[in-house]
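Asks: Sharing a structure, written as structure tokens. Questions coming.
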Amino acid sequence: MKQSKSFVVAFLMLSMLFVGYQCGSTEITSAKLYIQQKNYDKALEVLQKEIQKNPKSDEGYYLLGYVQGEQGNFPEMVDSYDKSLAISKNFEKDINVSRKYFWAQAYNRGVNYFQRGNGLAQSSPDSAKLYYEKSISDFNSALRIEPDSVDTYKNLAFVYLSKGDNESAVAPLKQLIEKEKSLDGYKFLGEIYYVNGTNLKNQGKEEDAKVEFNKSIDVLEEGLKNYPNDPEMLVTLSTAYIGADRSTEAIDKYKNLVAAKPEDKNIRYNYGVLLLGANDFEGAEIQFKKAIELDADYDNAIYNLGVTYLKWGTYLNKKSDETGQVSDEYKTKYQAALPYLEKAVKMKDANAQTWELLGKVYSVLGMNDDAKHAFDEADKLR
């Protein structure tokens, strides 16, 4: 899963000058002195005494919050700041500046650890994992201070994705969507649900897989309302529709996708597969031919164009039998399939099924010796 590698680094300096409140208690005066000396343990001790003596000390709670922030106790810091503001708004400006200062410290450490982890991801995965864990810890600390920080949620989600922990990335991605309808939020959350569905389908858990595919569809449909025609979301959405057995809807999505990116061979190919599954042989033919036009060595498109003509011929032959109308039109489709299936059996991943399909075409066209050879080759690969 691709992740965006955009980092927002926050730089904020804080100069704490605890002066100007001449009427403060002995504990407040002592605390300010200890803070200036960076003796935070002693400052904490005297501030706790101040709070006990004066539970309505707005300055006491403000200074206590600052000391707790310097000690890295961010939940306690936030609680103390909230208590100060509940008593009065005298220190609101100082508290807001302090929050931004401590948030920037935690956030920037998180970014630094994230970047270091990415730098070691290939050469030393275990070391990268340690840096990712440190990054996650710092981003979570930053969120305790500024719970509405979109940049923090975004980078936290990217750390989890880089770490391979898709499930943990779900919560911050949901926050991105809730707080700013983020393109990255929709895109990556939709992809996570799609991957989950694919994994469950590969395990034979069809119904559970459909639940995940439908989650992906819901997220991406909402995303496309805000970001119409985003190619990456359209691709994931279309394949999610296929996984959920909602192919008709998927065809409509791929039609839009082809219009948005007409020179993308993979989109053309996928659209062709959908149309072939819906027995729209003419439509599938157009898309596979265009994919081959864009890449003459596109093996999957070559093979599936051959399959399209073969299925088309089979359909016409069956229809002729049902109506009682004699027609050799089906043979023209088998003839059209021949060069593509002959190329397909020369591909490195050719299997028994490919040879068997070619043998069927030879047989219908009366090329009996060639048919026997193809069926023999199929038997060798079984």
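The values are calculated or read from the model by the stated rules, or taken from the named source; none is laboratory data. Owing to the predicted nature of the structure, the values given are computational and were not obtained by experimental measurement. All Cβ positions, even for glycine, are placed from backbone atoms using ideal geometry, and neighbour counts span all protein chains on display.
Asks: Of the residues L257, L294, L274, which single one is more than 19 Å from Q335 (Cβ to Cβ) and at pLDDT 95 or above?
Replies: After ruling out the rest, the residue left standing is L294.
Asks: Go through region 357-374 and count every residue that is of a type outside the set (A, V, I, L, M) and crowded, with 18+ Cβ neighbours inside 10 Å.
Replies: Number of matching residues: 3.
Asks: Then there is this: Restrict the check to region 129-136 and report whether at least one residue is among the hydrophobic types (A, V, I, L, M, F, W, C) and farther than 30 Å from I251 by Cβ. It would help to see each step written out before you state the result.
Replies: Looking only at region 129-136, we keep the residues that are among the hydrophobic types (A, V, I, L, M, F, W, C), and these are 130, 136.
So of that shortlist, the ones also farther than 30 Å from I251 by Cβ come out as 130, 136.
Yes, the conditions are met somewhere in region 129-136.
Asks: Does region 283-299 hold any residues that are under 11 Å from G272 (Cα atoms), surrounded by 19 or more Cβ atoms within 10 Å (Cβ to Cβ) and not aliphatic (A, V, I, L, M), and which are they?
Replies: Within region 283-299, E285, Q287, F288, K290 meet the criteria.
Asks: At pLDDT 95 or above, touching a Pro at 6+ places or on another chain (Cβ under 7 Å) and surrounded by 23 or more Cβ atoms within 10 Å (Cβ to Cβ): which single residue out of L156, L173 fits that description?
Replies: Criteria check complete, one pass: L156.
Asks: What is the residue count in region 304-332 for residues that are touching a Leu at 6+ places or on another chain (Cβ under 8 Å) and without any contact (Cβ under 8 Å) to a residue 40 or more places away in the chain? Even if it seems obvious, please write down each step before you answer.
Replies: Just the residues of region 304-332 that are touching a Leu at 6+ places or on another chain (Cβ under 8 Å), to begin with: 304, 306-308, 310-311, 327, 329-331.
Now restrict to residues that are without any contact (Cβ under 8 Å) to a residue 40 or more places away in the chain: 304, 308, 311, 327, 329-331.
Number satisfying all stated conditions: 7.
Asks: How many residues does region 320-332 contain that are within 23 Å of E356 (Cα to Cα) and in a helix (DSSP H, G or I)?
Replies: Qualifying residue count, region 320-332: 4.
Asks: Against the definition (out of contact with any Ser or Thr (no Cβ under 6 Å at 6 or more places or on another chain), charged (D, E, K, R), assigned to a helix (DSSP H, G or I) and modelled with pLDDT of 95 or more), how does E191 come out, yes or no?
Replies: Criteria not met by E191.
Asks: Find the residue count for region 135-165, including only residues that are farther than 16 Å from F74 by Cβ and assigned to a loop (DSSP other than H, G, I, E, B).
Replies: 2
Asks: Separate question: Quick check, is A250 crowded, with 22+ Cβ neighbours inside 10 Å, of a type outside the set (F, W, Y) and part of a helix (DSSP H, G or I)?
Replies: Numbers: crowded, with 22+ Cβ neighbours inside 10 Å: yes; of a type outside the set (F, W, Y): yes; part of a helix (DSSP H, G or I): yes.
Considered against the rule, which asks whether it is crowded, with 22+ Cβ neighbours inside 10 Å, of a type outside the set (F, W, Y) and part of a helix (DSSP H, G or I), A250 comes out as yes.
Asks: Another question about this same structure. G164 fails exactly one of the following numbered conditions: (1) modelled with pLDDT of 95 or more; (2) closer than 21 Å to V111 by Cα. What is the number of that condition?
Replies: Failed condition: (1).
Asks: For the list (1) in the same structural domain as W355 (by TED's automatic domain parsing); (2) at pLDDT 95 or above, I need the number of the one condition that I286 fails.
Replies: (1)
Asks: Pick from region 206-239 the residues that are of a type in the set (A, V, I, L, M) and either at pLDDT below 90 or surrounded by fewer than 23 Cβ atoms within 10 Å (Cβ to Cβ) (or both): which of them is farthest from I192 (Cα to Cα)?
Replies: Per the stated criteria, the residue is L224.
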